[in-house]
Amino acid sequence: MKGNMKQKRLRKLFPLLLLVVMLAGLLTGCGDKSEVGASNVKKVDDLETATIGVQLGTTGDIYASDYKETGATIQQFNKGADAVQALKQGKIDCVVIDEQPAKAFVERNRDLSILEEDFVKEEYAICIAKDNDQLLKKVNKALNELKKDGTLKQIIGNYIGDSTKGKQPYESPEGIEYKGKLVMATNAEFEPYEYREDGKIVGIDVEMATAVADKLGMELEIQDMQFDSIITAVQSGKADMGVAGMTVTEDRLKNINFSDPYTTATQVIIVRNGKSATAFDLSESIKNNFITDARWKYLANGLLTTIQITFFAVIIGIVLGFIIAIIRSSCDMTGKAKLINWIMKAYLTIIRGTPAMIQLLIIYYVIFAATNINKVLVATIAFGLNSSAYIAEIVRSGIMSIDPGQFEAGRSLGFTYVQTMRYFILPQAFKNVLPALGNEFIVLLKETSISGYIGIMDLTRGGDFIRSRTYEAFFPLITVALIYLIIVVGLSTMVGRLERRLKNDERQ
Amino acid sequence: MKDSNVMIHVEDLKKSFGNANVLNGITTDIKKGEVLVIIGPSGCGKSTFLRCLNMLETPTGGHIYLDGVDVTSPKTDINKTRQSMMMVFQHFNLFPHMTILENLTIAPTKLQNKSKSEAEKEAIELLKRVGLEDRANAYPSQLSGGQKQRVAICRALAMNPEVILFDEPTSALDPEMVGEVLDVMKELAKSGMTMICVTHEMGFAKEVANRVIFLDEGKIAEDGTPEEVFDHPKNERLKTFLSKIL
């Protein structure tokens, strides 16, 4: 018996072992990967036929798209770091991006250089909703004062310039009485304007916004999100202003107002210079990805968030799913309450007919647009609702699979409809659908990886964040994948065990 | 109604499914302690009649009175009525996720507020009566068809009903198991239980029934003692029917 158990456990471990072996293989493969060589973009004109990487929705994106006509290919990335990674791997020829983040990238990658020729010069400003002229006026006034008294210069100097860097951080004047919150939407992946350091969002924009908020006598609250979500967030009132190294463009002006510019920036072109990248060092890489700046914390905290969202979403899903399934099958059985049945059907059709990500965005940006609600709660509700539709249909199929004779037996004994459901139909239905339910939980767990779209630091986003700091794809991605895998395997084992226990009830 | 011995009074009972009229006005009385066997060709409405009696099928017309209470009235608590009118099904319909003991005790404990120990004690007594006390902790899937049907009868008895409806209780059984179920039913009949049985077991009908009804096209075509119905049939259809099955 014991030997048998051991064998079983070994069999369970086998897939994991296999994966580890595969990883090791991949690792050695990484060590001696062939060099991609220098980019063929040497000057701005070369962009005409190049494959250009940009960050989605940035001015770089807008300007680079002009080159489409001449035969250039534009590849839009969610993050600058992703574009840089693609460049390093030879997938694209160059990256068009703001000068300051470009400097940060090049500093860390000796195989990359910035072309001396500037691509385009532009001005950064704060975006504010069209109907919020009052705030616009206040912000402009504050910016003007900050420019005059040198605070703005001091803040920029704290991040740019070798002699001043890190030496003159902005400090809020004492004695301010804060009334209300000023919510700032940003995309904290744009060093040195906004980025994460030790888990906190810092940067020129952050300090500048703090200074503006101080002038307004309000407390600054930062909301981190995708760059292309910022304008929507400001429009919908989720945030009062967008501060994210945002350039004033005509397209943007159609949807949003801008303050006076607070700084000028240059769009530059990053290319591969032909030098070999730093040699791959396993321990160095692990240290860099997980130990430095306690980066493992992003994974740990992300994992907690992921589990939190999944767990509560599962509860919402089960409760709602069972209710819908019972109502649906009761209506089908009795032919009564057609309207309720129709509403339920419509709900299921809508939820199952649209992608979870769109639902998440709709719930966050449309339904909860006006309220300042906790994002994790939003995600939990969104995934809970999404899951409820699938669970409802799973449970309904389980109820339908029960022999009608069981129902008649219950009723003929004198049990009410509800009692019959509770004592006889649902316990059997639950047992029948357990594998499908287990599968739904696994799907749900993985589905939560899109939470990052509303700026939640879940496991996936945690890995992404490390990736954006270290410019290495391998460890962050594989680690995140492994963590998901381990949870899924654990979950499957638990469901399997429960299944077996329930089955034991019926058979010898 | 006039006769104080009448337990169930059926008045012009009608049932149709869409355009198909299955029961075309059945009127009859069933007395306390009576063992009534309903026979008839397939599709004549035997099962439907039985299922209308405890409202598993809602009649389209007519009335059913149990002890003077109109069962068909929406005001009647049908769940309460059913507790004194148990049914035994062709396919047993035991609850597969419960042990035999649980199958027998769930209704008395949940519906009649019996304590668990009391209900279990009674259940064991019932199982002893049908010779299955050693299977109390088994699950239905571990029992043979005949055993399952005996348990199903016990499940009905556990509620101390006034009448038990048997819907072809031996039709789904292997031939060698029919006997054990019929024996239980015979014993039950002797004990004075009121029984209404739809069955094809003519031997059982002859031996145990006080009264036999022949249903044809949703109507009572012949009604009498087993001798009258089997030995001196008047109705032509009944004669044909009997010639085919005897």
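Some notes on this structure:
- Qualifying helices (runs of 4 or more DSSP H) (wholly inside the range A:362-422; at least 3 residues being away from chain B (no Cβ under 14 Å)): A:375-400
- With respect to the conditions (1) within 14 Å of chain B (Cβ to nearest Cβ); (2) touching a Cys at 6+ places or on another chain (Cβ under 9 Å), A:A337 lacks only one, and its number is (1).
- Count of the range A:141-174 residues, restricted to those that are touching a residue at least 24 places away in the same chain (Cβ under 8 Å) and not in a loop (DSSP other than H, G, I, E, B), is 11.
- The set of residues in the range A:482-493 that are without any contact (Cβ under 8 Å) to a residue 60 or more places away in the chain, farther than 15 Å from A:A436 by Cα and surrounded by 15 or more Cβ atoms within 10 Å (Cβ to Cβ) contains only A:Y484.
- Selection from the range A:346-361 of residues that are open to solvent by less than 70 Å² (accessible area, probe 1.4 Å), assigned to a helix (DSSP H, G or I) and of a type in the set (S, T, Y): A:Y347
- Residue list for the range A:291-337, filter: outside any helix (DSSP H, G or I) and either surrounded by fewer than 14 Cβ atoms within 10 Å (Cβ to Cβ) or of a type in the set (A, V, I, L, M, F, W, C) (or both): A:G335, A:K336, A:A337
- For the range B:89-104, filtered to residues that are more than 9 Å from chain A (Cβ to nearest Cβ) and crowded, with 22+ Cβ neighbours inside 10 Å, the residue that is farthest from A:T420 (Cα to Cα) is B:I100.
- Inter-residue pairs, beta-carbon under 7 Å, first polar (S, T, N, Q) and in the range A:224-244, second surrounded by fewer than 23 Cβ atoms within 10 Å (Cβ to Cβ) and in a helix (DSSP H, G or I), 6+ apart: A:Q226/A:Y453; A:T232/A:Y365; A:Q235/A:N255; A:S236/A:Y365
- In the range B:159-173, the residue that is farthest from B:S84 (Cα to Cα) out of those that are in a strand (DSSP E or B) and open to solvent by less than 10 Å² (accessible area, probe 1.4 Å) is B:F166.
- Residue within the range B:134-154 that is part of a loop (DSSP other than H, G, I, E, B), touching a helix residue (DSSP H, G or I) at 6+ places or on another chain (Cβ under 7 Å), more than 12 Å from chain A (Cβ to nearest Cβ) and aliphatic (A, V, I, L, M) present: yes
- Within the set A:D224, A:D240, A:D251, the sole residue that is charged (D, E, K, R), within 28 Å of A:K103 (Cβ to Cβ) and open to solvent by 40 Å² or more (accessible area, probe 1.4 Å) turns out to be A:D251.
- Yes/no for A:G452 being closer than 30 Å to A:R196 by Cβ, open to solvent by less than 10 Å² (accessible area, probe 1.4 Å) and more than 14 Å from every other protein chain (Cβ to nearest Cβ): yes
- Residues (among the small types (G, A, S), touching a residue at least 24 places away in the same chain (Cβ under 8 Å) and surrounded by fewer than 20 Cβ atoms within 10 Å (Cβ to Cβ)) located in the range A:390-443: A:S397, A:S401, A:A436, A:G438
Yes or no, residue by residue, for (1) in a helix (DSSP H, G or I); (2) closer than 26 Å to B:L66 by Cα; (3) open to solvent by 30 Å² or more (accessible area, probe 1.4 Å):
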position	(1), (2), (3)
B:M185	yes, yes, no
B:A189	yes, yes, no
B:G192	no, yes, yes
B:C197	no, yes, no
B:E207	yes, no, yes
B:E222	no, yes, no
B:E228	yes, no, yes
B:K244	yes, no, yes
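- When residues of the range A:100-138 are limited to those that are under 13 Å from A:G60 (Cα atoms) and open to solvent by 50 Å² or more (accessible area, probe 1.4 Å), the one modelled with the lowest pLDDT: A:D118
- Among residues of the range B:56-76 that are within 14 Å of chain A (Cβ to nearest Cβ), those with a Cβ under 7 angstrom from a residue that is in a strand (DSSP E or B) and open to solvent by 40 Å² or more (accessible area, probe 1.4 Å), sequence gap 6+ or separate chain, pair up as B:V71/B:Y65; B:T76/B:V69.
The values are calculated or read from the model by the stated rules, or taken from the named source; none is laboratory data. Note that the structure is a prediction, hence the values are computed from the model and not measured. Glycine gets a Cβ as well: all are built from the backbone with ideal geometry, and neighbour counts include every protein chain shown. Heavy atoms of the whole protein, side chains included, go into the accessibility calculation; ligands, DNA and RNA do not. Shrake-Rupley method; radii C 1.70, N 1.55, O 1.52, S 1.80 Å.
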